[in-house]
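Trainee: My questions will all concern the structure given below.
The values are calculated or read from the model by the stated rules, or taken from the named source; none is laboratory data. This structure is a prediction, so every number in the text was calculated from the model and none was measured. Please note: Cβ atoms are built from the backbone with ideal geometry, for glycine as well, and neighbour counts cover all protein chains shown.
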Amino acid sequence: MRTHILILLTIGCGLLYSTSVQSQDLKLDSVYLDFGLQQSTEFENFRKAIYEAYDADGKPTQILVLRKLDTGEWQNFRRRHLTYEDGYLVNLLIEQWNPANETWNDRVERSYTYQNDEVVNKLVRKPSTLGMPLENYEQWNYYPNAFGDLQGVIYQTWQNGAWENVSQQTWSYNANMQMTEQLLEVWDGNDWVNFRRRYYVYDFDTGVIDQSTEYKWSVANQEWDYKFWIFYLTDGGYVPIGTRTLVWNDVDEVWENQIREEFDFDPGYQLNHRVLQSWDGNVWVNQYRVGYEYDGETLSSISDKWDNNDQSWDLHARFQMSFGSDQQLVEEKGWQFWSQNQQEWLNDTSTYRRSYYWSEEGVATEEIQLDIECLVPNPYSPGMEISCTSKTLSGKVQVVLLNSMGQQVYRSEEYLNSSFSLQSNSLNTGMYILHLQKEDQLLLSKKIVIAQ
């Protein structure tokens with residue numbers, strides 16, 4: 001349960017209010033990572049990353065990572081070399097510093113192959129031991145359909161000089177190009193064997209996801225067994241108001257309530273708070289409540305924990321993100337936990353602080369919006385509906401998602417004046433920039449948070 005609420009906290013702190021920011025180009029100079037000293041408010045240095053070089057498009061090409069020694073000195077730790085083609089990352093080489101002979105050794109290399117703007121292969125190479133040449137290690141082969149949506153991916157590892165299958169995932173879509181099924185299979189040495197499957201059902205009128213059901217393959221019975229059933233609740237339209245998860249009871253062969261989440265959005269479609277409840281067999285019992293505070297500079301996600309004895313909410317945990325004058329992220333800090341005895345927020349074993357230092361001349365952070373209005377749940381989970389309308393524009397647009405470094409991580413083609421969703425499970429939870437483009441014109445640029 002604690003892991004669940006920490007995820008909620010991180011997601012919540014990615015929320016950004018829809019305010020315009022100044023037109024200013026910024027580039028990231030360095031990032032410092034500090035760990036909190038337990039039961040205190042103090043931090044100590046751990047690592048720092050120096051962005052040593054950028055290309056002409058403002059993308060980093062070399063990043064040096066140093067670690068803090070017990071002596072107080074900074075020592076080389078790792079170095080990253082990034083290569084791009086046509087704006088896409090095609091190679092990432094990570095080197096490890098060997099302090100004994102003061103040399104850089106290859107640690108891991110990740111290469112990406114694209115076709116029609118989609119990743120079709122990710123190859124990882126590693127040395128058998130540091131100092132040895134890079135060798136094939138693992139790879140993913142991606143198979144998009146004719147519309148560019150991911151249809152399948154095969155994961156393989158390098159064994160005895162050849163690629164061997166490990167697992168395979170396939171996706172199915174309906175006529176509206178909404179994901180209807182995810183199937184995971186594993187390789188038994190001769191054939192693909194069922195492992196896990198999930199179905200998605202959408203509301204007939206709105207097209208919004210209504211429910212999903214997960215199954216696990218029973219080898220003994222050679223049939224699919226129920227696992228989870230999730231209902232996605234809305235206000236009757238496009239706005240999500242919660243979820244309810246049921247788990248299958250194999251003994252009694254019935255569905256039983258497990259957890260429930262309730263969302264509260266403001267008129268601007270931003271999340272005010274969410275409540276997590278669990279089923280005790282008779283009624284729903286409060287567990288955690290997460291709320292958000294924003295003072296124009298610092299966004300705080302504050303969790304309350306339910307006290308069954310007092311039947312009240314008590315302060316529990318806090319995660320914070322601070323932004324500069326150009327809305328660039330300057331600090332993340334969390335998770336800190338409330339001390340009732342000391343009446344203040346204190347660090348725990350998981351507490352960290354990440355500080356970002358910027359300078360001008362980099363990737364633009366300006367939010368752009370022309371004659372177009374988009375309703376995007378924030379935070380956003382893949383599968384949720386996005387509705388974009390325009391009084392003067394129509395037809396197809398390109399939907400592009402950029403990560404915080406300006407790298408394209410998702411692309412699809414959708415229609416204006418209709419709803420659509422981002423169908424990808426490979427996106428990590430975090431902050432992204434959503435672009436809508438029509439030919440060479442940028443129609444909209446909006447910050448969103450992806451919550452997997």
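Trainee: What number goes with the only condition from (1) over 21 Å from Y142 (Cα atoms); (2) surrounded by 15 or more Cβ atoms within 10 Å (Cβ to Cβ) that T170 does not pass?
Mentor: (1)
Trainee: Sticking with this structure for a sec: Against the condition modelled with pLDDT under 95, surrounded by 13 or more Cβ atoms within 10 Å (Cβ to Cβ), among the hydrophobic types (A, V, I, L, M, F, W, C) and part of a strand (DSSP E or B), how does V124 come out, does it pass? First the steps, then the outcome.
Mentor: On the way: modelled with pLDDT under 95: no; surrounded by 13 or more Cβ atoms within 10 Å (Cβ to Cβ): yes; among the hydrophobic types (A, V, I, L, M, F, W, C): yes; part of a strand (DSSP E or B): yes.
No: the conditions fail for V124.
Trainee: Return only the number of the condition from (1) under 23 Å from the mean Cα position of the chain (by Cα); (2) of a type outside the set (F, W, Y); (3) over 28 Å from V409 (Cα atoms) that K227 does not satisfy.
Mentor: Just one mismatch for K227, condition (1).
Trainee: Taking into account only those residues within region 99-121 that are out of contact with any strand residue (DSSP E or B) (no Cβ under 7 Å at 6 or more places or on another chain) and within 19 Å of H81 (Cα to Cα), which is surrounded by the most Cβ atoms within 10 Å (Cβ to Cβ)?
Mentor: Step by step, filter region 99-121, then rank; the result is T103.
Trainee: Identify all residues within region 424-442 that are at negative phi, part of a strand (DSSP E or B) and modelled with pLDDT under 75; write none if there are none.
Mentor: Of everything in region 424-442, those that are at negative phi, part of a strand (DSSP E or B) and modelled with pLDDT under 75 turn out to be M431, Q441, L442.
Trainee: Check W284, W313, W338 and return the single one that is surrounded by 15 or more Cβ atoms within 10 Å (Cβ to Cβ) and within 30 Å of Y226 (Cα to Cα).
Mentor: Among W284, W313, W338, only W284 is surrounded by 15 or more Cβ atoms within 10 Å (Cβ to Cβ) and within 30 Å of Y226 (Cα to Cα).
Trainee: Next question. Any residue in region 211-227 that's closer than 16 Å to E253 by Cβ and modelled with pLDDT under 95: show its pairings with residues that are hydrophobic (A, V, I, L, M, F, W, C) and not in a strand (DSSP E or B) at Cβ separation under 9 Å, as long as the two are six or more apart or on different chains.
Mentor: From residues that are closer than 16 Å to E253 by Cβ and modelled with pLDDT under 95, there are no pairs.
Trainee: Which is of a type in the set (D, E) and closer than 24 Å to M177 by Cα, of D280, D225, D205?
Mentor: Exactly one of D280, D225, D205 is of a type in the set (D, E) and closer than 24 Å to M177 by Cα, namely D205.
Trainee: Quick check on P133: is it more than 29 Å from W335 (Cα to Cα) and surrounded by 17 or more Cβ atoms within 10 Å (Cβ to Cβ)?
Mentor: no
Trainee: Right, here's the next one. Could you say which residue among S445, S421, S390, S404 is of a type in the set (S, T, N, Q), at pLDDT 75 or above and under 30 Å from D29 (Cα atoms)?
Mentor: Values: S421 fails: under 30 Å from D29 (Cα atoms); S390 fails: under 30 Å from D29 (Cα atoms); S404 fails: at pLDDT 75 or above.
Only one candidate passes the filter, namely S445.
Trainee: Taking only region 324-359 into account, find how many residues are without any contact (Cβ under 8 Å) to a residue 40 or more places away in the chain, within 20 Å of Y432 (Cα to Cα) and of a type outside the set (D, E).
Mentor: Qualifying residue count, region 324-359: 3.
Trainee: Has region 198-209 got any residue that is surrounded by fewer than 16 Cβ atoms within 10 Å (Cβ to Cβ) and in contact with a Ser or Thr (Cβ under 9 Å, 6 or more places away or on another chain)?
Mentor: Yes, that holds for at least one residue.
Trainee: Follow-up. Give V124, V153 a once-over and let me know the one that is over 28 Å from S212 (Cα atoms) and among the hydrophobic types (A, V, I, L, M, F, W, C).
Mentor: Answer to the check: V124.
Trainee: For region 341-387, which residues satisfy the criterion of being small (G, A, S), surrounded by 13 or more Cβ atoms within 10 Å (Cβ to Cβ) and modelled with pLDDT of 75 or more?
Mentor: Step one: filter region 341-387 for residues small (G, A, S), giving 350, 355, 359, 362, 364, 381, 383, 387.
Then drop every residue that is not surrounded by 13 or more Cβ atoms within 10 Å (Cβ to Cβ), which leaves 350, 355, 362, 364, 381, 383, 387.
Answer for region 341-387, where residues must be small (G, A, S), surrounded by 13 or more Cβ atoms within 10 Å (Cβ to Cβ) and modelled with pLDDT of 75 or more: S350, S355, S387.
Trainee: It is to be established whether one or more residues within region 263-270 are touching a Ser or Thr at 6+ places or on another chain (Cβ under 8 Å) and surrounded by fewer than 16 Cβ atoms within 10 Å (Cβ to Cβ).
Mentor: Within region 263-270, one or more residues are touching a Ser or Thr at 6+ places or on another chain (Cβ under 8 Å) and surrounded by fewer than 16 Cβ atoms within 10 Å (Cβ to Cβ).
Trainee: Now for a separate question. Go through (1) under 30 Å from Q62 (Cβ atoms); (2) at pLDDT below 95; (3) surrounded by 13 or more Cβ atoms within 10 Å (Cβ to Cβ); (4) over 22 Å from the mean Cα position of the chain (by Cα) one by one and return the number of the condition N145 breaks.
Mentor: N145 satisfies every listed condition except (1).
Trainee: Do you know which residues across region 211-259 are outside any strand (DSSP E or B) and crowded, with 18+ Cβ neighbours inside 10 Å?
Mentor: Y238
Trainee: Which of (1) outside any strand (DSSP E or B); (2) at pLDDT below 85; (3) aromatic (F, W, Y) does Y292 not meet, given it meets every other one?
Mentor: Result: Y292 passes all but (1).
Trainee: Please go through region 40-57 and pick out each residue that is of a type in the set (D, E, K, R) and surrounded by 16 or more Cβ atoms within 10 Å (Cβ to Cβ). Before the answer, list the steps.
Mentor: Within region 40-57, the subset of a type in the set (D, E, K, R) is 42, 44, 47-48, 52, 55, 57.
Hits for region 40-57 are R47, K48.
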